[in-house]
Amino acid sequence: MALIGTDINFAKVLLTQGDLVAIPTETVYGLAANAFDSEAVTKIYTTKERPTFDPLIVHTDSLDKVRGFVEEIPALALQLAAKFWPGPLTLLLKKKSVVSDLVTAGLDTVAVRIPRHPLTKSLLQQLDFPLAAPSANPFGYISPTTSQHVDDQLGDKIGYILEGGAADIGVESTIIGFEDDQAVIHRLGGMSLEEIEKITGSVKLLPHSSSNPTAPGMLHSHYAPTKTLILGDIPTLVEKYKNEKLAILAFQETHNNLEHYHYLSQTGDLIEAAQNLFSKLRTLDNLPIDKIIAERVPDHGLGKAINDRLKRAASK
Ligand code: TXA
Ligand code: MG
């Protein structure tokens, strides 16, 4: 069990001395360390059991501070930042040497985000260094959307969890890089493609941004529960696996004659579905069942990110 509370000053003390603190963001909870302190950043990798070839996102609270650790911000990135920061958007920018190779896994770009959760925003305002923070879960498992999720899996290993309530978006940030002045989506997420394309025009999706499991560097079992998850038509799959103990994860309240039946949003609201996705997956993962049967949601708005996470959870 970790200490859980809303004491920003205590969080600041721990982070300043090189310790880890779990922080709430509007997407998911992050496991934070001083991004300029390599020893502190090392603790992130060991605590999550995360391979050091998987780079971290660096969080701060102003464009001025971002300019302190990136070489340049392309015009398109500035437009996106002006529109969507603070928010669920991460931009890949050329790093300055103050950002260690440990944070970026040797890449010459650093992933940067200004989150909008009020508690974390005020913490960041009080720090004179940015926070490197991946999602606060053991590597490969489902991201945490509550302090309880963090405590359940990493509570023994971290000093403090800042309590910020349930994440209001519920899926990780959308990650955008820039190639020849064009925006490229590296990961679908909490900022919808439709919103982004209003600024950028039509964008390119990197193959692994929509979970092509054969893309190099992408681990199949990302965002995955421990139980096998199968994605498809619920009635067909229930018939196919009728001799096994199943839990069902539907989009809306349909098929509710089945046992262990859960849904993401009673009314079919994609925003609510995203908020519930990771909590539901954790709940189902802890049931005495053999398999989780899930269906895709409508593929627009946050639905694209939800389908992406479901596909990744299914590809083990
Ligand atoms: O919403 C979020 O993004 C949350 C909150 C805590 O900010 N963070 C999060 O971090 O999801 P993480 O570490 O679980 O995922 C970060 C992803 C990784 O897949 C990593 O490969 C990618 O960002 N990434 C980081 N730096 C990168 C870079 N320079 N180029 C390409 N991808 C990068
Ligand atoms: Mg993660």
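Ordering Thr47, Thr228 by how much accessible area each has at a 1.4 Å probe, largest first, what is the list?
If we order Thr47, Thr228 from most to least accessible, we get Thr228, Thr47.
Largest GNM mean-square fluctuation among Thr46, Thr25, Thr120, using the chain with Cα springs under 10 Å: Thr46. Report the Cα centroid-to-centroid distance between region 1-80 and region 128-171 in angstrom, as an integer. That distance is 11 Å. Computed over the chain with a Gaussian network model linking Cα atoms closer than 10 Å, the most mobile of Ser147, Ser97, Ser135 is Ser97.
Ligands, DNA and RNA are left out, and with a 1.4 angstrom probe the accessible area of region 3-170 is 38 Å² per residue.
Pairs with C-alpha atoms separated by more than 30 Å, drawn from the list Lys43/Lys227; Lys204/Lys227; Lys43/Lys94; Lys95/Lys311; Lys43/Lys304, are Lys204/Lys227; Lys95/Lys311; Lys43/Lys304.
Of Asp233, Asp308, the order by accessible heavy-atom surface (1.4 Å probe, DNA, RNA and ligands excluded), from most exposed downward, is Asp233, Asp308. Note on the chain: antiparallel DSSP beta bridges, both residues inside, total approximately 45 percent of the bridges counted.
Taking only the alpha-carbon positions of region 228-313 and ignoring solvent, what does the Debye formula give for the base-10 log of I(q)/I(0) at q = 0.11 Å⁻¹? The Debye formula, applied to the Cα set alone, gives -0.25. The eigenvalues of the Cα gyration tensor, multiplied by 5 and square-rooted, give the chain an equivalent ellipsoid with semi-axes of 32, 23, 17 Å from largest to smallest.
Across region 3-170, the fraction of Cα-Cα pairs farther apart than 28 Å, rounded to a whole number, is 13%. Taking Cα atoms only, the orientation of helix 270-285 departs from the longest principal axis of the chain by about 70 degrees.
In the chain, the longest principal axis of the Cα atoms and the axis of helix 75-84 are about 60 degrees apart.
Helix 38-48 and the longest principal axis of the Cα set of the chain meet at an angle near 10°. Identify which of Ile142, Ile271, Ile289 has the largest mean-square fluctuation in a Gaussian network model of the chain, with springs joining Cα atoms closer than 10 Å. Between Ile142, Ile271, Ile289, it is Ile289 that shows the largest mean-square fluctuation.
The values are calculated or read from the model by the stated rules, or taken from the named source; none is laboratory data. Please read these numbers as outputs of a predicted model, since none were measured by experiment. Accessible surface is based on the protein model in full, side chains and every heavy atom, while ligands, DNA and RNA are left aside. Shrake-Rupley method; radii C 1.70, N 1.55, O 1.52, S 1.80 Å.
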